[in-house]
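S.K.: Quick one: structure below, then a few questions.
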Amino acid sequence: MKSALITGITGQDGSYLAELLLNKGYRVSGLIRRTSVPNLENIGHLVSDITLLSGDLADLPSLVKAVGSSAADEVYNLAAQSFVSASWQQPVLTGEVTALGVTNLLEAVRLVKPDARFYQASTSEMFGKAVETPQRESTPFYPRSPYGVAKLYGHWITVNYRESFDMYACCGILFNHESPRRGLEFVTRKITDGVARIKLGLAGELRLGNLEARRDWGYAGDYVRAMWLMLQQEKPDDFVIASGENHSVRDFAAAAFACVDLNYEDYVIVDPQFFRPAEVEVLLGDAGKAGEKLGWRPETSFNELVGMMVEADLKLWREKMK
């Protein structure tokens, strides 16, 4: 039986990945930070099937202990300060966790289980002010936020450990991927939650920032499958994972309101407070290499994703209203 350690297991990607690995017969351990109130909402249905280990990316001894006790054959680093807007308010924390935390985890793996296969969650935000479209593995990076810069460090330190210590380490450069488990601070979930509340008479408007920003949006459940596939190859490599389609925030809002037969223009208000100091205007990924070498392709369409999220938020609010 294979064993896996997932950091960030309580997040969107961590919960979907844990489900996938359990279905494949893995023994799954997850790293969680000590908090006053445990946040297990995304993995509540999995708690009896996984082992939760206490640790923090900023604390190397706790990572050494976690890697050792999990006896992991595969380590997936999905933990980070992952909200772009918050990285402007807390740039130092973002650097310590999202950048240096990767070094700590790589060191723990190198010291305790150097034959383990390592996955680093890189991001399309590293492309930032993209110098070419679509973006692929060879596209130069130009991050436009403390989060993007921190993720770029995490990406390159993973490449360095792979080349310096002959470790099996891969980076997945994932474009935006969403689901009903997405945090409410992210614009897609903010939209679908707002749509549900407006439809049910709990709100009368939805305030958003730049409606023209364009993203390549996919479904998180599809994207964790790509993470697993990367660690099953003969040689480690880095891959762009994307839908290859481009939609604006306006498109997402229009599609979400259409799910409940409403016109977004009647409810959406553009609020300057939600604009970023440095905007990333267009991200569009080319996942051709992943298709060719991993046999990976997304299975969920943009409209299916939006519909799934709106339906989940409607259900959530209806239950709260009982």
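S.K.: For the range 214-222, check the following and say yes or no: at least one residue is surrounded by fewer than 21 Cβ atoms within 10 Å (Cβ to Cβ), touching a Pro at 6+ places or on another chain (Cβ under 6 Å) and not β-branched (Val, Ile, Thr).
M.R.: yes
S.K.: Hey, could you check the range 85-125 for residues that are aliphatic (A, V, I, L, M) and under 14 Å from residue 149 (Cα atoms) and say which is modelled with the lowest pLDDT?
M.R.: This residue is 86.
S.K.: Give the residue that is nearest to residue 219 (Cα to Cα), with candidates limited to residues of the range 1-33 that are open to solvent by less than 10 Å² (accessible area, probe 1.4 Å), of a type in the set (A, V, I, L, M) and assigned to a helix (DSSP H, G or I).
M.R.: 17
S.K.: Next question, about the same structure. Does residue 312 count as small (Gly, Ala, Ser), touching a Pro at 6+ places or on another chain (Cβ under 8 Å) and part of a helix (DSSP H, G or I)?
M.R.: yes
S.K.: Could you grab me the full set of residues in the range 269-280 that are surrounded by 14 or more Cβ atoms within 10 Å (Cβ to Cβ) and among the charged types (D, E, K, R)?
M.R.: 276, 279
S.K.: On to the next question. Can you list the helices (runs of 4 or more DSSP H) found entirely within the range 191-307 that contain at least 1 residues being touching a residue at least 24 places away in the same chain (Cβ under 8 Å) and under 30 Å from residue 21 (Cα atoms)?
M.R.: 220-230, 288-293
S.K.: Only residues that are part of a helix (DSSP H, G or I) and either of a type in the set (A, V, I, L, M) or open to solvent by less than 70 Å² (accessible area, probe 1.4 Å) (or both): list them for the range 105-142, please.
M.R.: Matches in the range 105-142: 105, 106, 107, 108, 109, 111, 112, 124, 125, 126.
S.K.: Quick check on this structure: which one of 261, 286, 266 is at positive phi and open to solvent by 30 Å² or more (accessible area, probe 1.4 Å)?
M.R.: Of 261, 286, 266, the one residue that is at positive phi and open to solvent by 30 Å² or more (accessible area, probe 1.4 Å) is 261.
S.K.: Mind counting the residues in the range 183-205 that are under 24 Å from residue 42 (Cβ atoms), crowded, with 18+ Cβ neighbours inside 10 Å and aliphatic (A, V, I, L, M)?
M.R.: So the count comes out to 4.
S.K.: Also, I was wondering about something else. For residue 51, which of the numbered conditions (1) open to solvent by 50 Å² or more (accessible area, probe 1.4 Å); (2) in contact (Cβ under 8 Å) with a residue 24 or more places away in the chain; (3) within 15 Å of residue 154 (Cα to Cα) fails to hold?
M.R.: (3)
S.K.: Just to check your reading of the model, which residue among 148, 209, 183 is touching a Ser or Thr at 6+ places or on another chain (Cβ under 8 Å), modelled with pLDDT under 95 and within 20 Å of residue 85 (Cβ to Cβ)?
M.R.: So the residue among 148, 209, 183 that is touching a Ser or Thr at 6+ places or on another chain (Cβ under 8 Å), modelled with pLDDT under 95 and within 20 Å of residue 85 (Cβ to Cβ) is 148.
S.K.: Let me ask you something else. Could you identify the single residue in 102, 64, 97 that is without any contact (Cβ under 8 Å) to a residue 60 or more places away in the chain, of a type in the set (A, V, I, L, M) and more than 17 Å from residue 156 (Cα to Cα)?
M.R.: Exactly one of 102, 64, 97 is without any contact (Cβ under 8 Å) to a residue 60 or more places away in the chain, of a type in the set (A, V, I, L, M) and more than 17 Å from residue 156 (Cα to Cα), namely 64.
The values are calculated or read from the model by the stated rules, or taken from the named source; none is laboratory data. The structure displayed is predicted, hence computed values, not measured ones. Here the Cβ is made from the backbone with ideal geometry for all residues, glycine too, and neighbour counts use every protein chain on show. Side chains are part of the model used for accessible areas, which takes the heavy atoms of the whole protein and leaves out ligands, DNA and RNA. Shrake-Rupley method; radii C 1.70, N 1.55, O 1.52, S 1.80 Å.
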